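*Asks:* Here it is, the structure, as structure tokens.
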Amino acid sequence: MIGLLSRLWERANLWQATRAGRVLLGVVAVVFAAVAFGPGFLAARSFTQLRDRVATVIAAVDTNAKSPETVELLDRGTVTIDGRAIGGDRVKSIIEQAIGEDGKIEPQQEFVAFILAPEAATWLPVFILERPNAVAVMAAASIGFLLLAVAQGVGLSVAVLLLGGIAGGAIFWWLGMAGPMVALAGMGALAAAFLVATRTALALLNRRVVPLAIAHTVMKEAIRQRISTFFIAVVLVVLPLLPLWIDPATPLRYQIQTFLSRSTGLVVSCAALLTILLSCSTTAFEARDRQVWQLLTKPVGRLQYLVGKWLGVISVNAVLLLVSATAAFGYTEYLRTRPAADLRDLQAVRAEVLAARQGVLPSFEQPTRDRLLALIDAEIEADPVLKQDIADGVRNEAEVRSKLAAEKQKEFLARQRAIEPGQGHEYHFDGLHEAIGSETPLSLRFVLHTGDSSSHETHPVIFRFPKDQSWVDRMYVPAQGHEMLVPSSMVDDDGTLRMEIINLKWDGTQFQPGVSTIFFDPDGVELLYSVGSFEGNFFRAMLVEWVKLAFVAMLGACAGALFSFPVACLSTSVIFVVALMSPFLAMSLEYYYAPSDAPWVLKLFHAIVKGVAQVSQSMLSAFGKTRVTDRLVQGRAVRWSEVAGAIGLIGLGWSALVLLIGYLGLRRKELAMYSGQG
């Protein structure tokens, strides 16, 4: 039976290589895309029409006018469209928090989305459901993908993978299990996408250019190696299963953040391990097995050899990141179809998680030179011992005054971040021109301290906005992060937002002073505003990760060319870990020192270790600072300037330096030495 199936498959592959076979498969691909995306387009158009009609009704709701629509919404939590009531108890439970002081619904966009959440087709991502034209774009992209598969001679393989995933998902759909259905269908689609992307990359690298020819060989080698297949299989299988392991009972914003963290962490970790092993093995094993002898005796230079190996590894990374990152983005949008806990949760998803935000710290008053000199003179006059040491020449006056200047400036700024009970302090956030008139609210992130900052206590605080004299009272847990949405209307025309933090408690009838002083760190209060879309931010983050992996690939290829495979893997892994942990290493070095009574040998050892660590940290600090996946999870923007900086410094600068070292080392290496094998 297996032999018969094998022969049939061989004949089918021969048939699809013919012109008639390709034409027929192309027609089938177009028909398949039309059938697959036609219902999606109709569902999206129907949903947007319903959304517009519901939005019209919600815009007319006014609790002061008591219109029939308002009464229905307040009493039953429903909106009637064409005789059908939309909403219910779920909507009624959040009515109070959605009605503003003027009797209108605020924010209307999020409220409409909350009402329509149960009406949305769960099999369509939200960004498609809200944009019918996106369905047409995706249909065209799918047709292009399927035609590309036919052109690469893998049309039947792609069809088997897609139909297998659809068939497996259909079983769970019949059982009413949406999660496993999406996971199985995703596995089939991911495997098909990886197959087509790999074949396309091989076709692009199949050129009569020495580095590209070597890269073509590396990519074919990666497909054959079991270790490479293992990491690729882990990504393609585990990634679609991640949404099933997230508790749907938690707030939606935490579900999406958890998935983003786990999915990007899985993809980057597997890609990094694959990069280290593949880049080290592809050069080290050729030297061990003496294949490099034959290669470098041909008109292939050592520089071309290393560049070709590097291009091959980063091509594998590009395929893996492209397919897996696209899947991670798609599953993120799939999670958005889950119902939000409340209106605040839905608004946080749009404004804080699936966003690209830039942070601004408050502007603090700086002490004038005269005031700083007066504070320094007063400090010296108040310390007779210090004054006498300066007079006797025991201590250098310039050094003392410089040290006191730094301390007094620090104290001056710290006093502006401390708020006594019953008092308030106004802060200014400048440079918010991009946020003026934005439909997306700003986010105020704050970490406040008070008393002993016990995590088992809650304390009150009031935020007041002088522009319209509005205020918000909040309870916070000391030393823990909190976020609060701020309307963009609070930004003045000059791009400044003024906000007062008041140490008061509102008990519903009167204000009472707080228990103790509130204070925060220099970065403890931050205002974040939208500067772009989540889609663009996601793409830039993955591009930076690919650039970082390109440096690791160059490091591994050069190490494998100079050392044995174990030594190359160890050295590359150590440098990669040090680069990744450089921010934490910098913090640790501040507290790393030998005891004063330690023997001189121990002090010397500590000095050597600290010196090596400081040099390594300073050289590789840029690698660890570009932790773009963490910022992606927090909804923080990854700017194009940062991408360009990563490409220039890490992708080109560092990689070129490593390439130069590897080239010089390879020139001096005796390649014709007998390896002891064969």
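*Asks:* Restricting to segment 388-403, name every residue that is touching a helix residue (DSSP H, G or I) at 6+ places or on another chain (Cβ under 7 Å) and free of Cβ contacts under 8 Å to residues at least 12 places away in the same chain.
*Replies:* ILE390, ARG395, GLU397 - these are the residues of segment 388-403 that are touching a helix residue (DSSP H, G or I) at 6+ places or on another chain (Cβ under 7 Å) and free of Cβ contacts under 8 Å to residues at least 12 places away in the same chain.
*Asks:* Scan segment 167-182 and tell me whether some residue there is modelled with pLDDT of 85 or more, surrounded by fewer than 16 Cβ atoms within 10 Å (Cβ to Cβ) and more than 31 Å from the chain's Cα centre (by Cα).
*Replies:* yes
*Asks:* Something else now. Residues of segment 180-223 being in contact with a Gly (Cβ under 9 Å, 6 or more places away or on another chain) and among the small types (Gly, Ala, Ser), which ones?
*Replies:* Listed by number, the residues that qualify are ALA183, ALA185, GLY186, GLY188, ALA189, ALA191, ALA192, ALA213, ALA215, ALA222.
*Asks:* So HIS425 clears everything in (1) touching a Ser or Thr at 6+ places or on another chain (Cβ under 6 Å); (2) part of a strand (DSSP E or B) except one condition, right? Which one?
*Replies:* Answer for HIS425: the failing condition is (1).
*Asks:* Something else about it: Identify, from the list ALA405, ALA418, ALA435, the residue that is of a type in the set (A, V, I, L, M, F, W, C) and exposed (fewer than 15 other Cβ atoms within 10 Å of the Cβ).
*Replies:* The unique qualifying residue is ALA418.
*Asks:* Quick check on segment 603-660: of everything there that is in a helix (DSSP H, G or I) and of a type in the set (Lys, Arg), which residue is farthest from GLU352 (Cα to Cα)?
*Replies:* LYS603
*Asks:* Within the set of pairs 6+ apart or on separate chains, which have a first residue in segment 79-101 that is surrounded by fewer than 15 Cβ atoms within 10 Å (Cβ to Cβ), a second that is of a type in the set (Asp, Glu), and C-beta atoms under 7 Å apart?
*Replies:* Pairs found: GLY100/GLU106.
*Asks:* Okay, moving on. Please count how many residues of segment 327-361 are assigned to a helix (DSSP H, G or I) and of a type outside the set (Asp, Glu).
*Replies:* 17
*Asks:* Looking at segment 618-633, which of its residues are within 16 Å of ALA328 (Cβ to Cβ) and not hydrophobic (A, V, I, L, M, F, W, C)?
*Replies:* Once the filter is applied, which keeps residues that are within 16 Å of ALA328 (Cβ to Cβ) and not hydrophobic (A, V, I, L, M, F, W, C), segment 618-633 yields THR629, ASP630, ARG631.
*Asks:* Specify which of the listed residues (ALA355, ALA348, ALA328) is within 30 Å of GLY556 (Cβ to Cβ) and surrounded by 16 or more Cβ atoms within 10 Å (Cβ to Cβ).
*Replies:* ALA328 is the lone residue from the list that is within 30 Å of GLY556 (Cβ to Cβ) and surrounded by 16 or more Cβ atoms within 10 Å (Cβ to Cβ).
*Asks:* Report those helices (runs of 4 or more DSSP H) wholly inside segment 1-116 carrying at least 3 residues which are within 37 Å of the chain's Cα centre (by Cα).
*Replies:* 19-60, 89-92, 95-98, 108-116
*Asks:* Could I ask something else about it? Look through PHE446, PHE463 and report the one residue that is surrounded by 15 or more Cβ atoms within 10 Å (Cβ to Cβ) and either more than 28 Å from the chain's Cα centre (by Cα) or among the polar types (S, T, N, Q) (or both).
*Replies:* Step by step, each of PHE446, PHE463 is checked, and only PHE463 is surrounded by 15 or more Cβ atoms within 10 Å (Cβ to Cβ) and either more than 28 Å from the chain's Cα centre (by Cα) or among the polar types (S, T, N, Q) (or both).
*Asks:* Scan segment 132-161 for residues that are surrounded by 15 or more Cβ atoms within 10 Å (Cβ to Cβ) and within 29 Å of the chain's Cα centre (by Cα) and jot them down.
*Replies:* Residues satisfying the conditions are PRO132, ALA134, VAL135, MET138, ALA139, SER142, PHE145.
*Asks:* Quick check: is even one residue across segment 274-290 farther than 29 Å from LEU354 by Cβ and free of Cβ contacts under 8 Å to residues at least 60 places away in the same chain?
*Replies:* Looking through segment 274-290, at least one residue is farther than 29 Å from LEU354 by Cβ and free of Cβ contacts under 8 Å to residues at least 60 places away in the same chain.
*Asks:* Continuing with the same structure: Looking only at segment 206-241, which residues are buried (at least 21 other Cβ atoms within 10 Å of the Cβ), β-branched (Val, Ile, Thr) and under 19 Å from VAL292 (Cα atoms)?
*Replies:* If the condition is that a residue be buried (at least 21 other Cβ atoms within 10 Å of the Cβ), β-branched (Val, Ile, Thr) and under 19 Å from VAL292 (Cα atoms), then ILE214, VAL218 are the ones that fit.
*Asks:* When you go through GLU439, GLU399, GLU365 one by one, which is the residue that is of a type in the set (Asp, Glu), in a loop (DSSP other than H, G, I, E, B) and modelled with pLDDT under 85?
*Replies:* GLU439
*Asks:* Just to check your reading of the model, which residue among SER324, SER261 is under 30 Å from ARG90 (Cβ atoms), of a type outside the set (Phe, Trp, Tyr) and in a helix (DSSP H, G or I)?
*Replies:* It is SER261.
*Asks:* Another question, if that's okay. Under 6 Å between Cβ atoms, at least 6 apart or on separate chains: pull out the pairs that start in segment 513-533 with a residue that is touching a residue at least 12 places away in the same chain (Cβ under 8 Å) and end on any residue that is among the acidic types (Asp, Glu) and not in a strand (DSSP E or B).
*Replies:* THR517/GLU420; VAL531/GLU434
*Asks:* How many residues are more than 32 Å from the chain's Cα centre (by Cα), at pLDDT 90 or above and surrounded by 18 or more Cβ atoms within 10 Å (Cβ to Cβ) when one looks only at segment 488-517?
*Replies:* Within segment 488-517, residues that are more than 32 Å from the chain's Cα centre (by Cα), at pLDDT 90 or above and surrounded by 18 or more Cβ atoms within 10 Å (Cβ to Cβ) number 3.
*Asks:* What pairs can you find where one residue is in segment 559-572 and under 15 Å from VAL292 (Cβ atoms), the other is at pLDDT below 90 and outside any helix (DSSP H, G or I), and their Cβ atoms are less than 7 Å apart, with a gap of 6+ or different chains?
*Replies:* From segment 559-572, the pairs are LEU562/LYS669.
*Asks:* Among the residues in segment 62-78, are any closer than 23 Å to SER488 by Cβ, outside the structural domain of VAL472 (by TED's automatic domain parsing) and loosely packed, with under 13 Cβ neighbours inside 10 Å?
*Replies:* Scanning segment 62-78 turns up no residue that is closer than 23 Å to SER488 by Cβ, outside the structural domain of VAL472 (by TED's automatic domain parsing) and loosely packed, with under 13 Cβ neighbours inside 10 Å.
*Asks:* Can you tell which of ARG350, ARG344 is over 23 Å from ARG199 (Cα atoms), touching a strand residue (DSSP E or B) at 6+ places or on another chain (Cβ under 9 Å) and at pLDDT below 85?
*Replies:* Within the list ARG350, ARG344, the selection yields ARG344.
Condition check ((1) aliphatic (A, V, I, L, M); (2) outside any strand (DSSP E or B)) across all residues:
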| position | (1), (2) |
| --- | --- |
| ALA405 | yes, yes |
| LYS410 | no, yes |
| GLU434 | no, yes |
| ASP452 | no, yes |
| GLU457 | no, yes |
| ARG464 | no, no |
| ARG474 | no, no |
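*Asks:* Additional query: Out of VAL567, VAL574, VAL552, VAL515, which single residue is within 29 Å of ARG668 (Cβ to Cβ), out of contact with any helix residue (DSSP H, G or I) (no Cβ under 8 Å at 6 or more places or on another chain) and not in a strand (DSSP E or B)?
*Replies:* VAL574
*Asks:* Being surrounded by fewer than 21 Cβ atoms within 10 Å (Cβ to Cβ) and either touching a Lys or Arg at 6+ places or on another chain (Cβ under 7 Å) or without any contact (Cβ under 8 Å) to a residue 24 or more places away in the chain (or both), is that true of even one residue in segment 541-555?
*Replies:* Within segment 541-555, not a single residue is surrounded by fewer than 21 Cβ atoms within 10 Å (Cβ to Cβ) and either touching a Lys or Arg at 6+ places or on another chain (Cβ under 7 Å) or without any contact (Cβ under 8 Å) to a residue 24 or more places away in the chain (or both).
*Asks:* Regarding THR297, is this residue among the hydroxyl-bearing types (Ser, Thr, Tyr), over 27 Å from the mean Cα position of the chain (by Cα) and modelled with pLDDT under 90?
*Replies:* Taking the combined requirement at face value, the residue satisfies it.
The values are calculated or read from the model by the stated rules, or taken from the named source; none is laboratory data. Keep in mind it's a predicted model, so treat the numbers as computed, not measured. Virtual Cβ from ideal backbone geometry, glycine too; neighbours counted across all protein chains shown.
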